[in-house]
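The values are calculated or read from the model by the stated rules, or taken from the named source; none is laboratory data. None of these values were measured; they are calculated from a predicted model. Please note: Cβ atoms are built from the backbone with ideal geometry, for glycine as well, and neighbour counts cover all protein chains shown.
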Amino acid sequence: MKKDFLRVLDLTDKELVRLLDLADTWKKRGSGPRLPTPLKGKTLAMVFQKASTRTRVSFEVGMARLGGHALFLSPQDTQIGRGEPIKDTARVLGRYSDAIMVRTFGHALVEEMALHARVPVINGLTDDHHPCQILADLQTARERGKNLRKMTVGFIGDGNNVANSWVEAAHLLGFGLRVACPKGFEPNSGIMAEAEKTGRGDVRIVRDPAEAADGADLLYTDVWTSMGQEAEQKRRLKAFKGFCIDSALMSAAKKNAIVMHCLPAHRGEEITDDVIEGPQSAVFDEAENRLYAQMAILDTLIPH
Ligand code: CP
Ligand code: NVA
């Protein structure tokens, strides 16, 4: 494994599957005093420049279950917010802690952190990637019986960080991915081109959500206005009209299809309430699996 986990393509397909197996193992173990504690005495520094519920709590709980400790660092309360260079912050945090998790805006910041920190750096979401999310998504798809090398995923909505990470996963594992999005909201073209070099997936951009849903094993969506894009909300609401996963779209997918959403969700926008609460929804298992997927990452990346 590489030292850092900044994007899905930092993994080989075998490493990815090994992480999913380990995530399943941690899930089976549950919690309690008899849990093994491989990260006893280890510390994770968590830098959050954007809000979070799942990522923050699952990393913190994950470190505690592994026997370690996590520190929550917000820019307002640290020198990061006052302009201390990232390379200095990276070097200092790397001398106190055993790994650093960062959630931020530009992806270049996590790359700079990784370059200068002597400990593993984990991407907890940037404007371009959300690799930890995709690990939990794949774990969830697999436990719901989907074949990760053969499935077809219909991603309906914004081609943002989460969609970019799905593109990478599709090419790494070789599954089919159809992204239905309005013009101008496609996944990042540079990331698409890089991922395509691995050459295994069948990734297509379509304009009609029904075309992406048709016969799919899994439908997926994300918010239309991501963190940092709040000023564009009105324009986005208009652009994404018709890109909502509702029961009609669900019925275009396979009968046993599941639906997932990274959360937080805006019911009535990208997904309807009846779909997210319905029998095909795997959304809350998916959120739970963030914990186990991240325990697998921490257990693997932090030397012990
Ligand atoms: N899905 C996800 O990353 O959720 P949070 O923003 O709550 O961490
Ligand atoms: N695309 C969303 C994902 C939130 C987990 C965002 O960046 O806000």
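Data table
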| quantity | calculated |
| --- | --- |
| Matching residues in segment 215-235 - criterion: being away from ligand 1 (no atom under 16 Å from the Cβ) and assigned to a helix (DSSP H, G or I) | Ala231, Glu232, Gln233, Lys234, Arg235 |
| Unique match (being in contact (Cβ under 8 Å) with a residue 12 or more places away in the chain and over 21 Å from the mean Cα position of the chain (by Cα)) among Asp214, Asp222 | Asp214 |
| Qualifying position, being of a type in the set (S, T, N, Q) and within 30 Å of Asp98 (Cα to Cα), among Gln233, Gln294, Gln229 | Gln294 |
| Residue under evaluation Asp137, criteria (1) out of contact with any Phe, Trp or Tyr (no Cβ under 8 Å at 6 or more places or on another chain); (2) within 15 Å of ligand 2 (Cβ to nearest atom), criterion not met | (1) |
| Scope segment 157-178; condition away from ligand 1 (no atom under 16 Å from the Cβ) and touching a Pro at 6+ places or on another chain (Cβ under 6 Å); matching residues | Gly159, Val167 |
| Output for segment 138-165, where each listed residue is outside any loop (DSSP other than H, G, I, E, B) and over 20 Å from Leu249 (Cα atoms) | Leu138, Gln139, Thr140, Arg142, Glu143, Asn161, Val162, Asn164, Ser165 |
| Residue, farthest from ligand 1 (Cβ to nearest atom), within segment 112-156, restricted to residues that are more than 29 Å from Ser74 (Cβ to Cβ) and small (Gly, Ala, Ser) | Gly145 |
| Any helices (runs of 4 or more DSSP H) falling wholly within segment 236-304 and containing at least 2 residues that are under 20 Å from Ala136 (Cα atoms) and away from ligand 2 (no atom under 16 Å from the Cβ) | 283-301 |
| Candidates Lys3, Lys28, Lys42, Lys50, filtered to the one that is under 23 Å from the mean Cα position of the chain (by Cα), in contact (Cβ under 8 Å) with a residue 60 or more places away in the chain and either within 16 Å of ligand 1 (Cβ to nearest atom) or over 25 Å from Trp166 (Cα atoms) (or both) | Lys50 |
| Pair list, Cβ < 8 Å and 6+ apart or interchain, from segment 144-167 residues that are under 14 Å from Ala216 (Cα atoms) and of a type in the set (A, V, I, L, M, F, W, C) to residues that are within 10 Å of ligand 2 (Cβ to nearest atom) and part of a helix (DSSP H, G or I) | Phe155/Ala163 |
| Test for Ala212: is it in a loop (DSSP other than H, G, I, E, B), small (Gly, Ala, Ser), modelled with pLDDT of 95 or more and over 19 Å from His130 (Cα atoms) | no |
| Hey, Ala193 buried (at least 24 other Cβ atoms within 10 Å of the Cβ) and either within 16 Å of ligand 2 (Cβ to nearest atom) or assigned to a helix (DSSP H, G or I) (or both) or not | no |
